[in-house]
Amino acid sequence: MTPIKIAIVDDHTLFRQGIGALLKEHEEIQIVFEAGNGKLMQQALTKQPLPDVILMDINMPVMDGYASTAWLKANHPGVAVLALSMYEDDNSVIKMIKHGAGGYVLKECRPTELLGAIVSLKERGLYLNEMVSGKMFRSFNKADDAQISTKELEFMKWCCSELTYKEIADKMFVSPRTVDSYRESLFQKLNLKSRVGLVLYAIKNSFFLP
């Protein structure tokens, strides 16, 4: 198995070193660099191999996590960002995701969740845990001008959870075939091909408001 290349961007040296030591215990993880803020991250990216996933703090001097994530999405869109922060308020989570993070976990999370989030970002480009999907669901309060029906909007909301399509059908009190029709209709209207694309489209087009 090819190791997942990781970078850690956080202004607390002891925290970076601790997370690095923890992840190095897993042979599927390779730490390529650490940086204390977004500017130092930019410098490191010119000297080191591009990471697959960057663990990104939010509150940092010089260049914070929001600006760093937006810069990465503009300049290195293939690099996934996992926000790793102590903040769990709706504004921080949604704002970080809207800037391009593919997932968000708290610094107090279990090591198994952190590893699972990294693997999910590498394989799917997205990691939705209960905290993030709940906040996204609560703030999912408008449709755009793509003529999305009320039922399609409700289906899209449930797509922002870990529920399977069958479980979504049960929640909506419709048949799995009806859910399939909602999915295919949205894919056609929005020119998308996957559930991940559907969630990312909703984020990028301001369905989620801080």
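The values are calculated or read from the model by the stated rules, or taken from the named source; none is laboratory data. Here the structure is a predicted model, which means the values were calculated and not measured. Note: ideal-geometry Cβ built from the backbone for every residue, glycine included; neighbour counts use all protein chains shown. These area figures cover heavy atoms from the full protein model, side chains too; ligands, DNA and RNA do not enter into them. Shrake-Rupley method; radii C 1.70, N 1.55, O 1.52, S 1.80 Å.
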Problem - Accessible surface, per residue, of the chain when the full set of protein chains is kept, probe 1.4 Å, Å² - result: 50 Å²
Exercise for the section: Treat each spin label as a single point 7 Å out from the Cα along the C-beta direction, and report the GLU88 to THR13 distance in nm. Expected result: 3.0 nm
Completion exercise
Here the FRET efficiency for GLU108 versus LEU50, based on Cβ atoms and R0 = 30 Å and rounded to 0.05, is 0.55
Fill in the blank from the handout: Checked the chain with the C-alpha gyration tensor, a ≥ b ≥ c its square-rooted eigenvalues, rounded below a/c of 1.5, otherwise prolate if a/b is larger than b/c and oblate if not; verdict prolate
Exercise for the section: Round to the nearest 10 and report in Å² the accessible area of GLU34, as given by a 1.4 Å probe over the protein chains' heavy atoms. Expected result: 80 Å²
Practice task
Evaluate the distance, in nm, between pseudo-label points positioned 7 Å from the Cα of VAL196 and of MET1 along their respective Cα→Cβ axes.
Solution key: 1.7 nm
Practice task
State whether the range 76-135 is rounded, prolate or oblate according to the following rule on the C-alpha gyration tensor (a ≥ b ≥ c being the square roots of its eigenvalues): a/c under 1.5 gives rounded; otherwise a/b larger than b/c gives prolate, and the remaining case gives oblate.
Solution key: oblate
Exercise for the section: Would you mind telling me the share, in percent, of accessible area of the chain contributed by carbon and sulfur at probe 1.4 angstrom? Expected result: 51 percent
Handout entry: Test item: Cα-centred dipole of the chain, Lys/Arg +1 and Asp/Glu -1 on Cβ, debye
Key = 540 debye
Practice task
Report the residues of the range 70-110 in range of a label on GLN43: point 7 Å along Cα→C-beta, backbone N strictly under 12 Å from it.
Solution key: none
Completion exercise
When the chain is treated as a Gaussian network with springs between alpha carbons less than 10 Å apart, the largest mean-square fluctuation among ARG124, ARG16, ARG177 is found at ARG177
Fill in the blank from the handout: Once Lys and Arg are counted +1 and Asp and Glu -1 for all other residues with Cβ under 15 Å from that of ASP57, the total becomes -2
